[in-house]
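Peer 1: If you scroll down you'll find the structure; I have some questions about it.
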Amino acid sequence: MGGFFGVVSKQDCIFDLFFGIDYHSHLGTRRGGMTVYGENGFDRSIHNIENSPFRTKFDKDVQRMSGKMGIGCISDYEPQPLLVRSHHGTYALSTVCKINNMEQISKRLFEDEHIHFLEMSGGDINATEMVAALINQKENLIEGIQYAMNEIDGSVSILLLNKTGIYAARDKYGRTPVVIGKKEDAFCVSFENFAYKNLGYKDYKELGPGEIVVLDEKKCITLVKPGNEMKICTFLWVYYGYPSSYYEGVNVENMRYSCGRKMAQRDNVKPDIVAGVPDSGTAHAIGYANESGVPFSRPFIKYTPTWPRSFMPTMQSQRNLIAKMKLLAVEDLIYGKSLLLIDDSIVRGTQLRETTEFLYQSGAKEVHIRPACPPLLYSCKYLNFSRSSSEMDLITRRIINKIEDGNVTDEVLEEYADPESPKYERMVEEIRKELNFTSLCYNRLDDMLDSVEIDKCKLCTYCWNGKE
């Protein structure tokens, strides 16, 4: 995933920029970056934040950097912001994007005499550099940004800083948010709207799908009006978003309470306690407990002094180890009890199986699992959630492939996506047995979408039913 933040101000903006970026730390674990523009031009710093939080890595940079405009990001993959020199002049660029047609675009650009791209450590092209290359194909920045957004298969939201201000563009289908905040003599632009509240900014506007604006310290001007079609990622509410976040006017924490309520209304088990997998399962569990009357409890606790962040390393072997190491049992709340445990989702299933075994070893009598979203049948094409080299990394697809002897078509998957179908019931039962749960019941897609409380046609549901 990833998130970004930018500031244009009449005064030095470095502290607003620093804290605004830091408030996006829940969205990524690999890279952090800041670029400011001041009297001496551009000044940039990028650090690896895998083993140390953004605040720690950038503390010294904040003491020396200065400028009245700046952008920065937390990235789960590529280093950014990039500094780019082109016929548009010099600019800094940060993106939240996923580019599925990277190879096709790069091939075309090479044929059009684009000289080179710098490879990252894994041999991949930096996605933000690709966005810059597309922007530079056109005669002006606005046409270039629109061209990049139209050429990319996937999603892209953009912050571009030059000496005149910040250009901000939301993905053409609004898959990720871009919001504007305002205070006296300053504007900011952010992925998360809560990120600027403690800095004194108030909500100014939320960009619509494909909307492009330019900001300086006095004004925010719309250069390209928003489009009519939106497909914002539903996982922003279910999993990615911080509890205080709002997307399209809907708060994350409240949405999760609603999810939990709806799950409780359809359930018939009678556990002793309800618990959430820290942290993203907690609010869903509170909603369930409030509706069902079953007490909410915390039978295990995340060890926050050394594992304060909710995200995990990208290497699966490290993810599995850390998932185990950072949870501590409260055995008095586990021994001899029937537990109902809510997690935001089941992707591969490895971590939740190990968590369940951990609870059994601590004396749990039963462990009932309730994922807060439906079974994931497709790897996301639009964001870097459940990103993998193969759909077979998803436990659902491995089970379906086994049941269907490898004959898996879109038509077959459609049956497995239907919670009323026999195939769906068999898939869920096979997952339950493989992961050793006492019972397993997923949230329904219709209930989850109702919990968001915006028009369903504006919500992307691809990873659950393959529909764009």
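Peer 1: Being within 31 Å of the chain's Cα centre (by Cα) and under 24 Å from Gly293 (Cβ atoms) is the filter here, so list the residues in segment 336-355 that pass it. If you could, list the steps in order and put the result at the bottom.
Peer 2: Of all residues in segment 336-355, those within 31 Å of the chain's Cα centre (by Cα) come to 339-355.
Listed by number, the residues that qualify are Leu339, Leu340, Leu341, Ile342, Asp343, Asp344.
Peer 1: Scanning for something β-branched (Val, Ile, Thr), at pLDDT 95 or above, assigned by TED's automatic domain parsing to the domain that holds Leu83 and surrounded by fewer than 19 Cβ atoms within 10 Å (Cβ to Cβ), does segment 214-222 turn up at least one residue?
Peer 2: Initial filter on segment 214-222 (β-branched (Val, Ile, Thr)): 214, 221-222.
Still in the running and at pLDDT 95 or above: 214, 221-222.
Of the ones still in play, those that are also assigned by TED's automatic domain parsing to the domain that holds Leu83 are 214, 221-222.
Checking which are surrounded by fewer than 19 Cβ atoms within 10 Å (Cβ to Cβ) leaves us with 221-222.
Within segment 214-222, one or more residues are β-branched (Val, Ile, Thr), at pLDDT 95 or above, assigned by TED's automatic domain parsing to the domain that holds Leu83 and surrounded by fewer than 19 Cβ atoms within 10 Å (Cβ to Cβ).
Peer 1: Where the second residue is part of a loop (DSSP other than H, G, I, E, B) and the first is free of Cβ contacts under 8 Å to residues at least 24 places away in the same chain and lies in segment 147-176, which pairs have Cβ atoms under 8 Å and are six or more apart or on separate chains?
Peer 2: If the second residue must be part of a loop (DSSP other than H, G, I, E, B), the pairs left are Tyr147/Gln137; Tyr147/Lys138; Asn150/Lys172.
Peer 1: Next up: Somewhere in segment 121-134, is a residue closer than 19 Å to His24 by Cα and small (Gly, Ala, Ser)? Spell out how you get there, then give the answer.
Peer 2: Pass one, segment 121-134, residues closer than 19 Å to His24 by Cα: 128.
Pick out the ones that are also small (Gly, Ala, Ser) and you get none.
No; the residues of segment 121-134 include none that is closer than 19 Å to His24 by Cα and small (Gly, Ala, Ser).
Peer 1: While we're on this one: Go through segment 218-252 and count every residue that is in a loop (DSSP other than H, G, I, E, B), closer than 22 Å to Cys97 by Cα and within 15 Å of the chain's Cα centre (by Cα).
Peer 2: Start the filter on segment 218-252 by keeping residues that are in a loop (DSSP other than H, G, I, E, B), which leaves 218-219, 225-231, 234, 241-245, 248-249.
Then keep just the ones that are closer than 22 Å to Cys97 by Cα; that gives 225-231, 234, 241-242, 245, 248.
Of the ones still in play, those that are also within 15 Å of the chain's Cα centre (by Cα) are 231, 234, 241-242, 245.
Looking only at that region, the number is 5.
Peer 1: Another question about this same structure. Could you please let me know if Lys231 is under 25 Å from Leu445 (Cα atoms) and of a type outside the set (S, T, N, Q)? Before the answer, list the steps.
Peer 2: Numbers: under 25 Å from Leu445 (Cα atoms): yes; of a type outside the set (S, T, N, Q): yes.
Yes, satisfied.
Per-residue answers, yes or no, for (1) in contact with a helix residue (DSSP H, G or I) (Cβ under 8 Å, 6 or more places away or on another chain); (2) of a type in the set (Lys, Arg); (3) in the same structural domain as Cys188 (by TED's automatic domain parsing):
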site: Ile99; (1), (2), (3): yes, no, yes
site: Asp112; (1), (2), (3): no, no, yes
site: Ala132; (1), (2), (3): no, no, yes
site: Ile135; (1), (2), (3): yes, no, yes
site: Arg175; (1), (2), (3): no, yes, yes
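Peer 1: Among the helices (runs of 4 or more DSSP H) contained in segment 343-439, which hold 3 or more residues that are modelled with pLDDT of 95 or more and within 20 Å of Leu449 (Cα to Cα)?
Peer 2: Numbers: elements: 350-361, 395-403, 410-416, 422-435.
Because the criterion is at least 3 residues that are modelled with pLDDT of 95 or more and within 20 Å of Leu449 (Cα to Cα), the helices (runs of 4 or more DSSP H) in segment 343-439 that meet it are 410-416.
Peer 1: Now a separate question. Looking only at segment 44-103, count every residue that is under 19 Å from Ala127 (Cα atoms), touching a strand residue (DSSP E or B) at 6+ places or on another chain (Cβ under 8 Å) and part of a strand (DSSP E or B) and tell me the total.
Peer 2: 23
Peer 1: Does Tyr147 satisfy being more than 19 Å from the chain's Cα centre (by Cα), closer than 18 Å to Phe5 by Cβ and surrounded by fewer than 21 Cβ atoms within 10 Å (Cβ to Cβ)?
Peer 2: Values: more than 19 Å from the chain's Cα centre (by Cα): yes; closer than 18 Å to Phe5 by Cβ: no; surrounded by fewer than 21 Cβ atoms within 10 Å (Cβ to Cβ): yes.
Spelling it out, it is not the case that Tyr147 is more than 19 Å from the chain's Cα centre (by Cα), closer than 18 Å to Phe5 by Cβ and surrounded by fewer than 21 Cβ atoms within 10 Å (Cβ to Cβ).
Peer 1: Looking for something surrounded by fewer than 24 Cβ atoms within 10 Å (Cβ to Cβ), over 27 Å from Asp450 (Cβ atoms) and not hydroxyl-bearing (Ser, Thr, Tyr) - is there at least one such residue anywhere in segment 242-263?
Peer 2: Taking every residue of segment 242-263 in turn, none turns out to be surrounded by fewer than 24 Cβ atoms within 10 Å (Cβ to Cβ), over 27 Å from Asp450 (Cβ atoms) and not hydroxyl-bearing (Ser, Thr, Tyr).
Peer 1: Separate question: Give me the pairs: first residue in segment 412-436 and closer than 15 Å to Leu394 by Cα, second residue polar (S, T, N, Q), beta-carbon distance under 6 Å, and six or more apart or on different chains, which are they?
Peer 2: Partner pairs satisfying both residue conditions: Ala417/Asn465.
Peer 1: Identify all residues within segment 329-376 that are more than 22 Å from Ile395 (Cβ to Cβ) and buried (at least 22 other Cβ atoms within 10 Å of the Cβ); write none if there are none.
Peer 2: Ile334
Peer 1: For Gly28, state whether it is in contact (Cβ under 8 Å) with a residue 40 or more places away in the chain, within 25 Å of Leu199 (Cβ to Cβ), buried (at least 16 other Cβ atoms within 10 Å of the Cβ) and touching a helix residue (DSSP H, G or I) at 6+ places or on another chain (Cβ under 7 Å).
Peer 2: On the way: in contact (Cβ under 8 Å) with a residue 40 or more places away in the chain: yes; within 25 Å of Leu199 (Cβ to Cβ): yes; buried (at least 16 other Cβ atoms within 10 Å of the Cβ): yes; touching a helix residue (DSSP H, G or I) at 6+ places or on another chain (Cβ under 7 Å): no.
Taking the combined requirement at face value, the residue does not satisfy it.
Peer 1: Within the bounds of segment 267-288, is there any residue that is modelled with pLDDT under 95, crowded, with 17+ Cβ neighbours inside 10 Å, β-branched (Val, Ile, Thr) and part of a loop (DSSP other than H, G, I, E, B)?
Peer 2: Yes, some residue in segment 267-288 is modelled with pLDDT under 95, crowded, with 17+ Cβ neighbours inside 10 Å, β-branched (Val, Ile, Thr) and part of a loop (DSSP other than H, G, I, E, B).
Peer 1: Kindly indicate whether Asp447 is crowded, with 17+ Cβ neighbours inside 10 Å, within 19 Å of Arg256 (Cα to Cα), modelled with pLDDT of 95 or more and among the charged types (D, E, K, R). Don't jump to the end; show me each part of the working.
Peer 2: Values: crowded, with 17+ Cβ neighbours inside 10 Å: yes; within 19 Å of Arg256 (Cα to Cα): yes; modelled with pLDDT of 95 or more: yes; among the charged types (D, E, K, R): yes.
It is true that Asp447 is crowded, with 17+ Cβ neighbours inside 10 Å, within 19 Å of Arg256 (Cα to Cα), modelled with pLDDT of 95 or more and among the charged types (D, E, K, R).
Peer 1: Checking Glu78 against (1) under 30 Å from Asn140 (Cα atoms); (2) at pLDDT 95 or above: exactly one of these is not met. Which one?
Peer 2: (2)
Peer 1: Between Asn193, Asn198, Asn228, which is under 20 Å from Met255 (Cα atoms) and either surrounded by fewer than 21 Cβ atoms within 10 Å (Cβ to Cβ) or not assigned by TED's automatic domain parsing to the domain that holds Asp343 (or both)? Steps first, please.
Peer 2: Numbers: Asn198 fails: under 20 Å from Met255 (Cα atoms); Asn228 fails: under 20 Å from Met255 (Cα atoms).
Every option except Asn193 fails the conditions.
The values are calculated or read from the model by the stated rules, or taken from the named source; none is laboratory data. All values derive from a computational prediction rather than experimental measurement. All Cβ positions, glycine included, derive from the backbone under ideal geometry; neighbour counts span all protein chains shown.
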